[in-house]
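> Handing you this structure, nothing more for now.
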Amino acid sequence: MKFKINKNDILDILSKVQGITGRKSNLAITSNILIKTTDKGIILTVTDLETGFEGLYPATIEKKGVLTINSRKFYEIVREFPSEEIQISESDNYWIKIGNKNVEYNMVGLNPDDFPETPIIENVDFFTIDSEVFRKMIEKTIIITGASDEKRTHITGIYFEVIHQEDKNLVRMVSTDGNRLSKADCIYEKDIQLPQAFGVLIPKKGMNEVIKFLDPSGTVQIGVKNNNFIIKKDYETVIIRLLEGDFPEYGDIIQRGSSYAIHLDKKKFLMMLKRMSILSSEDYKGVIFNFKDNNISITTTNPDLGESKEDMNIDFKGDPIEVAFNPRYIIEILSVIDTEKVVVNIIDKEKPCLIEGENDDTYLSVIMPMRI
């Protein structure tokens with residue numbers, strides 16, 4: 001096997017796959033990249049047995065073949081290589097030579113026959129989604145993280161569903177950890193063709209890797225086949241093995257009901273929460289929110305550190321409400337809302353609080369109050 005590459009053609013993708021190859025698995029070879037030559041260039045394949053990536057990149061092929069090489073070290077060699085053109089060849093016993101006239105590395109590879117097989121993806125019912133919209137949907141749902149629990153896969157996964165309504169179609173992503181919930185929608189016109197309604201659970205770890213491969217413009221293709229979630233671009237494909245389990249019914253919890261809708265400046269509210277969370281700790285997470293006539297007062301009390309209090313004028317007329325929340329949850333919600341103003345929908349100290357961007361029906365987050 002022998003070929004030449006331009007470092008600028010693969011350096012970016014080698015950087016992006018480190019999150020997959022750097023993850024521990026039951027097979028040591030998953031820390032390697034599989035490189036296979038084709039008539040059109042080289043195919044790079046990586047996997048952690050849950051998330052897999054495959055991409056086609058230009059190369060000058062002198063002798064066909066397939067090899068595996070340590071992902072981290074190969075990336076570092078390419079990154080630091082002094083010239084743009086790099087020649088790679090394989091000799092006996094899986095030894096791999098990387099270099100040019102002046103620089104040469106000889107690395108030990110592994111038997112490519114031991115590399116896990118990539119799922120064969122055929123006859124997939126793909127549909128199109130805007131790449132940037134999809135990226136934001138992932139970011140708005142992976143902010144909710146929970147402890148890994150094989151018996152509660154709905155916490156380690158994001159629920160991805162296609163919904164058909166009378167006047168529109170939706171692609172929706174929902175995540176929860178039991179204390180909060182985030183819902184992000186991509187709205188399609190009714191005449192845009194989408195697959196039949198379905199819902200699947202996708203590991204958050206895999207979706208976190210997907211973000212790296214999404215461009216700020218253009219579209220990607222999405223499909224589900226044989227227990228795999230597939231994201232496809234022109235020459236790159238990400239395949240994630242789905243989780244087994246049921247996602248809890250969430251329809252009732254996202255209903256606003258007879259709540260007070262309080263409109264707040266996002267930046268001012270965010271800075272206020274950051275200041276009031278300075279004295280919170282792992283043992284004293286909650287802060288007290290007091291809503292009363294045209295005012296919100298936030299109080300933090302930590303016996304180990306002290307206390308803090310801040311007031312802000314708001315447009316609120318109703319019965320006073322005293323309620324406790326974990327400020328970190330709200331800070332994370334505000335960090336992914338795109339609008340300048342947010343709407344806090346609150347009923348009382350016991351019922352869920354709904355937070356969304358003003359005039360934005362594509363994102364909604366719900367947090368449960370804490371006991372005072």
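The values are calculated or read from the model by the stated rules, or taken from the named source; none is laboratory data. On a predicted model such as this, the values are computed, not experimentally measured, just so you know. No Cβ is skipped: glycine too gets one built from the backbone with ideal geometry, and neighbour counts run over all protein chains shown.
> For the range 91-107, which residues satisfy the criterion of being closer than 14 Å to LEU67 by Cα and either assigned to a helix (DSSP H, G or I) or at pLDDT 95 or above (or both)?
Passing the criteria: ASP92, ASN93, TYR94, TRP95, ILE96, LYS97, ILE98, ASN106, MET107.
> When the range 225-282 is examined, which residues are found to be over 30 Å from PHE127 (Cα atoms) and in contact with a Pro (Cβ under 7 Å, 6 or more places away or on another chain)? Full working, then the answer.
Applying the first criterion (over 30 Å from PHE127 (Cα atoms)) to the range 225-282 yields 256-282.
Hits for the range 225-282 are LEU273, MET276, SER277, SER280.
> Can you name the residue in the range 160-182 that is closer than 14 Å to LYS204 by Cα and not hydrophobic (A, V, I, L, M, F, W, C) and is also modelled with the lowest pLDDT among such residues?
My answer is ASP177.
> Note down all Cβ pairs under 7 Å where the first residue falls in the range 44-73 and is under 27 Å from MET207 (Cα atoms) and without any contact (Cβ under 8 Å) to a residue 40 or more places away in the chain, the second is small (Gly, Ala, Ser) and not in a strand (DSSP E or B), and they're at least six residues apart or on different chains.
From the range 44-73, the pairs are VAL46/SER71; ASP48/SER25; ASN70/SER31.
> Out of all the residues in the range 306-341, which are assigned to a loop (DSSP other than H, G, I, E, B) and surrounded by fewer than 11 Cβ atoms within 10 Å (Cβ to Cβ)?
Of everything in the range 306-341, those that are assigned to a loop (DSSP other than H, G, I, E, B) and surrounded by fewer than 11 Cβ atoms within 10 Å (Cβ to Cβ) turn out to be ASP315, LYS317, ASP319, PRO320, GLU340.
> Still on this structure, I have one more. Within the range 144-159, does at least one residue satisfy the condition of being of a type outside the set (D, E, K, R), closer than 26 Å to GLY218 by Cα and modelled with pLDDT of 95 or more?
Yes, the conditions are met somewhere in the range 144-159.
> Of the conditions (1) of a type outside the set (Asp, Glu); (2) closer than 25 Å to LEU354 by Cα; (3) not in a strand (DSSP E or B), ILE120 satisfies every one except a single condition; which number is it?
Tallying (1) of a type outside the set (Asp, Glu); (2) closer than 25 Å to LEU354 by Cα; (3) not in a strand (DSSP E or B), ILE120 fails exactly one: (2).
> Please go through the range 50-82 and pick out each residue that is in a loop (DSSP other than H, G, I, E, B) and among the acidic types (Asp, Glu).
GLU50 - this is the single residue of the range 50-82 that is in a loop (DSSP other than H, G, I, E, B) and among the acidic types (Asp, Glu).
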